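A.B. asks: Just passing along the structure, written as structure tokens.
Quick note: the coordinates plus some simple rules give every number you see, no bench work behind them. None of the values given here were measured: they were computed from a predicted structure. Cβ placement follows ideal geometry from the backbone for every residue including glycine, while neighbour counts extend to all protein chains displayed.
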């Protein structure tokens with residue numbers, strides 16, 4: 001039987017061209033993908049406009065834009081039009097991502113020695129130069145959604161080039177419980193398996209070292225707030241002066257994804273540091289950002305001005321602390337630490353912790369219930385220091401023969417006491 005024609009590519013020798021770029025627009029659609037002539041790529045522009053209309057955050061738009069730019073570069077490398085793409089192109093892109101090295105704007109400097117290695121203090125993996133399985137899965141999800149958008153509008157290929165992997169002989173949702181939401185019909189065929197990640201928390205001593213390495217009251221207030229209420233980095237950076245309830249020691253955050261408003265408790269210590277920090281800056285209005293940093297103006301005078309603290313500036317704070325301690329902690333590690341601390345409190349239920357963490361599903365919160373390997377090792381060490389359960393105590397030596405005290409007095413005489 002004749003097999004269908006299929007391109008036979010050597011993905012190992014393919015190099016993506018440095019074609020096109022993602023730019024911030026500041027408009028309704030915060031990011032656009034431009035070609036080499038500086039013109040928006042029309043299929044991507046229309047899709048991102050629809051994507052924003054669904055209520056997506058700017059960070060998600062930026063992430064989708066970069067995945068689609070990589071796809072367009074790949075199509076140019078293999079000489080295929082976007083509306084003629086098949087599952088063969090998606091499969092070959094996945095094969096290429098599994099062995100390719102990330103494209104970097106600048107070469108690594110100090111991080112070159114640690115890339116892809118395990119930090120001996122945190123036992124966390126340093127970011128490497130290879131694409132991780134989660135990156136590949138995200139790329140596949142973006143491409144499938146992009147082509148679903150165009151297929152619904154009668155454009156693009158007839159069949160989505162990112163196929164689903166269904167079990168043979170089974171109807172999707174055949175045994176669906178009407179009281180439960182529908183599950184996805186199947187996983188994407190070219191999705192690589194993802195290793196199960198365990199929440200990583202700081203020990204009490206590591207937290208003290210981390211907090212002691214911070215250089216300003218602003219940084220101390222920010223991380224003390226996160227360690228007490230497990231807010232995400234984007235949520236805590238989005239705080240405004242009017243989002244602080246000093247009387248009840250609450251802060252109002254807007255949840256990632258849904259944008260829902262929620263008040264979270266914070267520790268008294270974090271409010272002390274927050275007051276010390278606010279005493280060093282000018283009076284803020286209710287709608288002013290809470291966190292500020294000093295930056296040089298991009299002018300000849302180089303004057304220092306206050307600007308809202310953004311994620312890149314916060315990463316610079318963490319980078320200075322990590323360089324000082326030899327660690328690789330992130331803001332999300334603080335969130336994990338706060339969650340695991342709450343789990344150890346017998347007065348808090350799992351449902352309480354789910355609400356504080358902002359998880360939509362309880363199953364996500366249950367990931368924190370897994371045993372910490374370091375705690376298991378500590379308990380086993382304690383076990384090894386104790387005698388084995390089946391080990392009988394050594395028999396006591398037999399008592400010596402008793403002597404009559406009067407006889408000893410006759411023999412040795414009365415001894416002074």
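A.B. asks: Under a GNM of the chain (C-alpha, springs under 10 Å), which listed residue has the highest mean-square fluctuation: 161, 265, 193?
C.D. replies: Result for the chain, Cα springs under 10 Å: 193 fluctuates most.
A.B. asks: Would you mind calculating the relative contact order of the stretch 204-373 from Cα pairs under 8 angstrom and at least 6 residues apart, reporting the percent as a whole number?
C.D. replies: 24 percent
A.B. asks: Over the stretch 99-143, what is the mean sequence separation of C-alpha contacts under 8 Å (at least six apart), divided by residue count, expressed as relative contact order in percent?
C.D. replies: Relative contact order here is 38 percent.
A.B. asks: Per-residue ellipticity at 222 nm for the chain, helices alone: DSSP H runs ≥ 4 residues times -39500 (n - 2.57), over residue total, nearest 500 deg cm²/dmol?
C.D. replies: Here the helix-only value at 222 nm equals -12000 deg cm²/dmol.
A.B. asks: Taking every pair of alpha-carbon atoms in the stretch 11-165, what share in percent sits in each 5 Å bin, from 0 to the bin with the longest distance?
C.D. replies: Per 5 Å bin, starting at 0, the Cα pair percentages come out as 1, 8, 16, 20, 19, 16, 10, 6, 3, 1, 0.
A.B. asks: Under a 10 Å cutoff between Cα atoms, tell me which one of 384, 214, 284 has the largest fluctuation in the Gaussian network model of the chain.
C.D. replies: 384
A.B. asks: Still on this structure: Sort 64, 368 so that the residue with the fewest other Cβ atoms within 10 Å of its own Cβ comes first and the one with the most comes last.
C.D. replies: Lowest to highest Cβ neighbour count: 368, 64.
A.B. asks: Quick check on the exposure proxy: order 143, 350, 188 from fewest to most C-beta atoms within 10 angstrom. If you can, show how the numbers build up before the last one.
C.D. replies: Values: 143 24, 350 13, 188 19.
Fewest-to-most Cβ neighbours within 10 Å comes out as 350, 188, 143.
A.B. asks: A follow-up question, please. Express the Stokes-Einstein translational diffusion coefficient of the stretch 34-75 in µm² s⁻¹, to the nearest whole number, given a Kirkwood radius over alpha-carbon pairs, 4 °C and a viscosity of 1.567 mPa s.
C.D. replies: Value of D from the Cα-based Kirkwood radius: 121 µm²/s.
A.B. asks: Shifting gears a bit: Give me 102, 256 ranked fewest to most by other Cβ atoms within 10 Å of their Cβ, as a rough exposure proxy.
C.D. replies: So the ranking, lowest neighbour count to highest, is 102, 256.
A.B. asks: Using 0.36 nm per residue, how much length does the chain from residue 275 to residue 24 gain when fully extended, once their Cα-Cα distance is taken away?
C.D. replies: On the way: separation 251, 0.36 × 251 = 90.36 nm, distance 3.49 nm.
Extending this stretch completely gives an extra 86.9 nm.
A.B. asks: Here are a few candidate values for semi-axes √(5λ) of the Cα gyration tensor in Å: (1) 48, 25, 19; (2) 55, 34, 24; (3) 65, 25, 22. Which one was actually calculated from the structure I just gave you?
C.D. replies: Label of the calculated value: (2).
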